[in-house]
Amino acid sequence: MFYLLKLGPVPLSQGTTDVYLRISDTGEPSAPVFERDDVAGLTVLLEGLDERESVRCEPVLAQAGAELGVRAEEPTEAALSSRAAIATFLAWGQRGLSGLGSDKALLFVQAATEYWEARPWTHWDDSQPFEVAVSGPLTHTFEGCVFHTGDGRAGLALYFQQGALQQLMHMQAQGQAEAAQELPAIAVTLDTTPAYAVEALASAGRVPRLPMPLKTGAGGVGVPSTVEALLLVATMRAVARLGPEQQEVLSSVVAGDARMEVHVRAPKPRVRH
């Protein structure tokens, strides 16, 4: 069985486009089709398919599907999850992050969903440092923190230097936001935009935010390395398992041929009311 799904509108340098996807019931996608019209998009997706009885379109495409002899039906969870990962990777590409690869997009979606559902910011605030000790391809002890902002964004940051969090708080209090971005760190933010990615993630039952990995330092904001990206994934999963009764967690992730261990130790919870 194949499902025809829509993603968009996706903003371009001029105007917008929609993205049409043909995804199997097990989540295997074909090449995306960029069109501004539902019938045109579905027509391209149907090329090369002899049996339309094995094809369904999602309900939002019911009208266009009826014109082409395709019945509407709710997609499988696997198909929706595949669309969510594609939407994440597409949004990454628009922000210069496509070099991390589509496989990393899926890992970030899974880890960010666990993190979002755990809501660690209800136990700790962004001024409380976590100890994140890493061994393997990258060996270092980071100073981490979790955060949730008034505009709905959330995430976590790992600072390379001990005492960086206190330094950050001081800079922000002095109105030195740009200088604060020069502190060496890797982080993942769960953004409320772009809408097409957030909607695709939410419809798949995943985190209703776009996970955005980033790296800061003297050169400004950049992209984490592959190993650093995997470290962020492992740390999100570890922090998701923390709570008032569990303040220490060991997590692991495979980086190439090596295994990376991540040991997270949380401070005493500061529960908010």
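The values are calculated or read from the model by the stated rules, or taken from the named source; none is laboratory data. The shown structure was predicted, so the numbers you read here are calculated from the model rather than taken from an experiment. Cβ: placed from backbone, ideal geometry, glycine included. Neighbour counts: every protein chain shown. Side chains included, ligands, DNA and RNA excluded: accessible areas come from the protein's heavy atoms. Shrake-Rupley method; radii C 1.70, N 1.55, O 1.52, S 1.80 Å.
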### Query
Does residue 64 satisfy being in a helix (DSSP H, G or I) and out of contact with any Lys or Arg (no Cβ under 8 Å at 6 or more places or on another chain)?
yes
## Note on the structure
Of the conditions (1) in a strand (DSSP E or B); (2) open to solvent by 70 Å² or more (accessible area, probe 1.4 Å); (3) touching a residue at least 24 places away in the same chain (Cβ under 8 Å), the single one that residue 270 does not satisfy is (1)
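Hey, among 48, 8, which residue is surrounded by fewer than 21 Cβ atoms within 10 Å (Cβ to Cβ) and at positive phi? So that I can check it myself, show each step before the final result.
Numbers: 8 fails: surrounded by fewer than 21 Cβ atoms within 10 Å (Cβ to Cβ).
So the residue among 48, 8 that is surrounded by fewer than 21 Cβ atoms within 10 Å (Cβ to Cβ) and at positive phi is 48.
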### Task
Take the stretch 192-221 and flag every residue that is in contact with a Gly (Cβ under 9 Å, 6 or more places away or on another chain), outside any loop (DSSP other than H, G, I, E, B) and not aromatic (Phe, Trp, Tyr).
211, 212, 214, 215, 216
## Note on the structure
Checked 176, 181 against criteria (polar (S, T, N, Q), over 19 Å from residue 151 (Cβ atoms) and modelled with pLDDT under 95); the one match is 176
### Task
Answer yes or no as to whether residue 253 is β-branched (Val, Ile, Thr), in contact with a Lys or Arg (Cβ under 7 Å, 6 or more places away or on another chain) and either outside any loop (DSSP other than H, G, I, E, B) or open to solvent by 50 Å² or more (accessible area, probe 1.4 Å) (or both).
no
### Query
Any idea which residue in the stretch 68-87 is most open to solvent (accessible area, probe 1.4 Å), counting only those that are among the β-branched types (Val, Ile, Thr) and closer than 15 Å to residue 20 by Cα?
86
### Task
Write out, first by first residue and then by second, each pair whose Cβ atoms fall under 6 Å of each other, whose residues are 6+ apart or on separate chains, and whose first residue, in the stretch 173-199, is outside the structural domain of residue 7 (by the TED database) while the second is among the aromatic types (Phe, Trp, Tyr).
184/160; 185/159
